[in-house]
Every structure is written in structure tokens, then in C-alpha cells.
Protein chains: 2
Amino acid sequence: MIRVAIFEDNKLMRNAYEAICNGTPGLMCCGAFADTDDVSFKIKKTQPDVVLMDIEMPGKDGVSTTPYIIKHFPEVKILIQTVFDNDDKIFAAICAGASGYILKSTTPARMVEAIEQVHDGGSPMTPYIASRVLKLFQQFAPPFKDAEENYALSVREKEILALMTGGHGLPAIAEKIFVSYETVRTHVKRIYKKLHVASASAAVVKAIREKLV
Amino acid sequence: MIRVAIFEDNKLMRNAYEAICNGTPGLMCCGAFADTDDVSFKIKKTQPDVVLMDIEMPGKDGVSTTPYIIKHFPEVKILIQTVFDNDDKIFAAICAGASGYILKSTTPARMVEAIEQVHDGGSPMTPYIASRVLKLFQQFAPPFKDAEENYALSVREKEILALMTGGHGLPAIAEKIFVSYETVRTHVKRIYKKLHVASASAAVVKAIREKLV
DNA sequence: AGTACAATACCCCAATCGGGCGATTTTTTT
DNA sequence: AAAAAAATCGCCCGATTGGGGTATTGTACT
């Protein structure tokens with residue numbers, strides 16, 4: 001039996017959600033509130049497994065309340081709900097630790113599904129949100145290189161590039177790898193040619209951005 | 001009309017997918033292949049809007065093929081499909097630029113939905129995948145900085161640091177922001193002091209790593 | 001045996017950089 | 001109005017860099 005607490009300022013919606021929960025086997029509404037005042041008390045009192053949180057509410061809204069709940073009741077899963085799915089607030093909510101993000105326009109059946117999914121540790125979200133999250137995710141992970149764009153750096157060159165990325169100057173690198181300063185310079189020049197850059201800064205930026213190190 | 005190309009080694013499945021696509025108004029299977037050999041040619045020939053890609057295939061599998069397709073046919077959306085949803089391959093696929101990720105066990109109706117969603121720019125995925133993506137996302141997103149770690153760079157300094165990170169040399173920066181070379185140097189020197197570094201490379205590395213730009 | 005490549009090393013030269021110093025003028029804050 | 005911070009410009013010096021050469025060695029592949 002999944003215990004659901006509802007935070008939703010619109011009375012009609014609130015009652016509807018409550019009805020949906022109580023009308024679904026395996027679900028149970030343990031509380032329905034119009035605001036997030038005293039949220040700590042409300043959670044403690046109702047012991048929900050899942051919190052259905054409206055993101056647009058008067059006073060303290062869902063975004064600011066979410067981190068608070070996560071912090072004090074880490075075992076509670078939070079399912080954010082909104083009428084819009086194009087707001088940057090969603091990122092705040094997701095970063096705050098919300099488990100899922102659905103639209104109010106989803107069908108009751110889907111909503112129930114979403115509640116069950118967050119309870120099982122999943123993260124239901126709209127395709128739009130998913131897509132934005134993926135985009136950002138890909139920014140952090142990306143560039144796959146095929147031979148060509150691997151710039152064909154030799155082991156030694158990669159090693160030196162890594163040291164440069166570590167903030168070392170060329171003389172320091174020479175000492176570190178027990179090679180003459182001029183040799184390091186030779187390698188560095190070749191690195192620049194291969195990376196199509198003309199300075200140490202540009203080289204390290206490329207190295208980091210494209211995860212050559 | 002959404003054109004779908006199918007890559008799937010199992011003949012039964014392949015035919016089933018083809019049937020589903022062709023049996024759905026608005027969808028159309030423009031090609032069904034058992035392997036990713038000559039993928040470039042196959043894509044060019046069939047002109048798909050969406051590629052349905054099995055991640056587990058003999059020979060060159062979906063993971064390695066995805067980045068290639070993205071690279072050479074950026075307008076093609078790729079929907080990854082697998083029997084497992086707990087493999088780290090999914091991350092490789094997502095990072096490679098896949099638009100969505102679904103299970104083979106999803107119903108045909110859902111699959112069609114997913115195809116339509118990726119075509120519309122969405123990113124359908126299973127709740128489990130979504131949850132793992134969110135987790136990772138949350139790890140990267142909130143490096144909240146407070147004054148101390150902001151190094152108290154002025155706007156001008158940040159601007160110059162950004163330009164340095166862009167690979168520009170100091171003389172080039174001076175031209176770009178219409179101030180004298182010496183002024184840029186003065187700013188740069190102060191940036192170094194504030195960041196506790198002693199070279200352009202070290203500065204840009206720090207800038208990127210700590211997201212100061 | 002010959003070729004190709006990586007790694008090593010050195011030379012020269014002009015440009016740039018890093019560090020230290022001081023200075024003026026806005027802008028912002030107090 | 002006074003003080004603080006930010007932005008601007010300049011000069012000096014020595015070290016480092018970027019770009020151009022050339023050359024030797026060892027290893028790997030043919």
C-alpha cells in the first residue's frame with residue numbers, strides 16, 4: 001500500500017487526486033493539503049511514501065519546499081506536477097531532488113502509474129523534460145571521436161598534454177618526465193599542429209572539452 | 001509521415017516492427033536491416049526520420065553505430081531499444097546522442113508513441129533509465145558557489161577569462177573588447193592572483209573545471 | 001634492407017607572457 | 001562628500017612561448 005500526500009491549492013484538483021488515489025487498489029491518500037505551511041508537521045503526521053507536489057502554489061511553492069522535504073525526509077519520493085513543461089523551474093526542482101515530473105494534463109491512469117513508478121525508484125517524466133535533461137546530460141558526457149578526431153596523438157604527446165592541463169609550464173614538465181626542455185617543446189609543437197591550435201590555453205581547453213585527457 | 005528505419009538482427013522482431021510501423025497511420029517503415037554494415041549507405045538510401053536501433057547486435061552494435069549516425073546525419077533521431085534496462089551501455093548510447101531509450105518489452109502502442117515522441121523532439125525513456133539519468137544529472141548540476149569560491153572576479157575579468165577560455169591570446173582579446181593590450185594584461189594579472197594560478201593554461205583549466213565561464 | 005614513425009635534442013628569432021611598479025578615471029558604495 | 005572598487009593605461013625586465021629549421025636514435029612494419 002503506497003501512502004500518498006497531496007499538495008495542491010486548487011480544491012477541485014485536490015479532491016480529484018484524492019479520489020483517484022483512494023479509488024486505486026494499492027494506493028491510499030494519507031493527506032491532502034492546500035499549502036506547504038508547516039510542511040514538516042504535515043509529513044510527520046501523514047507518513048507518506050510519495051508526495052504529489054504542485055509546482056505552482058501561492059506562498060511557498062513546490063520548488064522551494066522540495067529540497068526541504070528531501071533533506072528532512074530523504075525516504076519520501078517527490079513527484080512534481082505542473083501545468084507547464086517548459087519552465088526552468090523544472091530544473092530547480094530536479095536538482096533539488098525531485099524524483100519525477102509530470103503534467104497535470106496526464107490521464108489519471110498515467111498519474112497512478114507515475115506514482116507507482118516513483119515509489120519503485122523510477123523517474124517518470126514528460127518527453128519534453130526528458131529531452132531537456134538528456135541535452136544537458138550530453139553536454140557533460142559527450143564527444144565521441146573516431147580516429148580522425150582523436151587527432152592521432154602519440155602516448156608521449158597525450159602525457160604531455162595531460163601535464164599541461166594540470167597547469168604545469170613546459171620547463172616544469174621537462175623536469176617531471178626527465179627529458180630536455182627542448183624535447184618537450186618539440187612535442188608540444190606537434191601537439192599544436194595535430195589539435196590545430198596555437199597556444200597552450202587553446203590546447204588545454206580542447207583537451208578538456210573533448211576529453212582527450 | 002514519419003519514415004522509420006529499423007536495425008534489428010532478429011528476423012521475427014524485425015518483421016514485427018516493420019508491420020507495426022506500416023500498420024500505423026502516419027508511420028512508414030523505409031528500411032529494415034539485420035546489421036549496421038554500410039550504415040551510411042543504408043541511411044542515405046532510405047532517408048529515415050527516426051532510426052529504431054537494437055543495442056544488442058552481432059558485429060558493430062548499436063552503441064558504436066549511434067555516434068556515427070549522429071555525426072553524419074544529425075537530423076536523424078535515434079531510438080535505442082534493448083531487452084535490458086540495467087546496462088551501462090545505455091549511458092554510452094545516451095551520451096552518443098541517442099534521443100530515446102525504450103525496452104523491447106513495451107507494447108507496440110507505446111513503441112509507436114515513442115517513435116512519434118522522438119520525432120517531435122521528445123526523449124521517451126523507461127523510468128529506470130530516467131532515474132539513473134536524473135541521478136547523474138543531479139551530481140553535475142549543483143555545484144553551488146558562494147562568494148568564497150567565486151573568487152570575486154569582476155564582470156570584466158570574467159569576460160576576459162571567458163575569451164581566454166575561447167582560445168584567444170591577449171592581443172586578440174584587447175582588439176576584441178576595444179581596450180589596450182596593457183589593460184588586458186592588467187586584468188589578466190589580477191585574474192591570476194584571484195584564481196591563484198600563474199599561467200593562462202592553468203587559469204582556463206580552473207575556469208572550465210569550476211564552471212566560472 | 002628499407003621505410004615510417006615516435007622520441008629525443010639543439011639552434012635561432014620574434015612575439016608574448018608573467019611579475020612588479022605606478023598612475024588616472026570612472027563607477028559604486030558608504 | 002568621502003572611500004572603495006573597478007576599469008583603464010603605461011613601462012621595465014627577464015623568462016617563456018610559438019614557429020621555423022635540422023639531426024640522431026631506436027622501434028616497428030614491410
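The values are calculated or read from the model by the stated rules, or taken from the named source; none is laboratory data. Bear in mind that the values here come from a model prediction, so they are computed numbers and not experimental data. No Cβ is skipped: glycine too gets one built from the backbone with ideal geometry, and neighbour counts run over all protein chains shown.
Summary of values
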read-out	value
Residues located in the stretch A:153-190, provided they are near DNA strand C (Cβ under 8 Å from one of its atoms), assigned to a helix (DSSP H, G or I) and among the polar types (S, T, N, Q)	A:THR183, A:THR186
Tabulated pairs, the stretch B:1-14, first over 16 Å from B:GLU75 (Cα atoms), second among the hydroxyl-bearing types (Ser, Thr, Tyr) and not in a strand (DSSP E or B), C-beta under 8 angstrom, 6+ apart or interchain	B:ILE6/B:TYR17; B:PHE7/B:THR36; B:PHE7/B:THR65; B:GLU8/B:TYR17
Failed criterion for B:LEU136 (all others in (1) in a helix (DSSP H, G or I); (2) surrounded by fewer than 19 Cβ atoms within 10 Å (Cβ to Cβ); (3) modelled with pLDDT of 80 or more hold)	(3)
Residue that is surrounded by 15 or more Cβ atoms within 10 Å (Cβ to Cβ) and over 26 Å from B:TYR128 (Cα atoms), where the choices are B:THR65, B:THR24, B:THR82	B:THR24
Check on A:SER154, within 13 Å of DNA strand D (Cβ to nearest atom), within 12 Å of chain B (Cβ to nearest Cβ) and among the hydroxyl-bearing types (Ser, Thr, Tyr)	no
Search result, residues across the stretch B:193-213 that are within 14 Å of DNA strand D (Cβ to nearest atom), exposed (fewer than 15 other Cβ atoms within 10 Å of the Cβ) and assigned to a helix (DSSP H, G or I)	B:LYS193
B:GLY97 in contact with a helix residue (DSSP H, G or I) (Cβ under 7 Å, 6 or more places away or on another chain), on the phi > 0 side of the Ramachandran plot and surrounded by fewer than 16 Cβ atoms within 10 Å (Cβ to Cβ)	no
Residue match in the stretch B:7-15 (condition: farther than 22 Å from B:ILE94 by Cβ, surrounded by fewer than 19 Cβ atoms within 10 Å (Cβ to Cβ) and in contact with a Gly (Cβ under 7 Å, 6 or more places away or on another chain))	no
Close pairs (9 angstrom Cβ cut-off, 6 or more residues apart or separate chains): away from chain B (no Cβ under 14 Å) and among the charged types (D, E, K, R) in the stretch A:174-200, part of a helix (DSSP H, G or I) and crowded, with 16+ Cβ neighbours inside 10 Å anywhere	A:LYS176/A:LEU163; A:GLU182/A:ALA174; A:ARG185/A:LEU170; A:ARG185/A:ALA174; A:ARG190/A:GLU157; A:LYS194/A:GLU157
Selection status of B:THR46, over 18 Å from the mean Cα position of the chain (by Cα), hydroxyl-bearing (Ser, Thr, Tyr) and away from chain A (no Cβ under 14 Å)	yes
Count of residues meeting criterion [outside any strand (DSSP E or B) and not aromatic (Phe, Trp, Tyr)] in the stretch B:1-38	24
Members of the stretch B:27-55 that are touching a residue at least 40 places away in the same chain (Cβ under 8 Å) and either surrounded by fewer than 22 Cβ atoms within 10 Å (Cβ to Cβ) or under 14 Å from B:GLU116 (Cα atoms) (or both)	B:LEU27, B:THR46, B:GLN47, B:PRO48, B:ASP49, B:VAL50, B:VAL51, B:LEU52
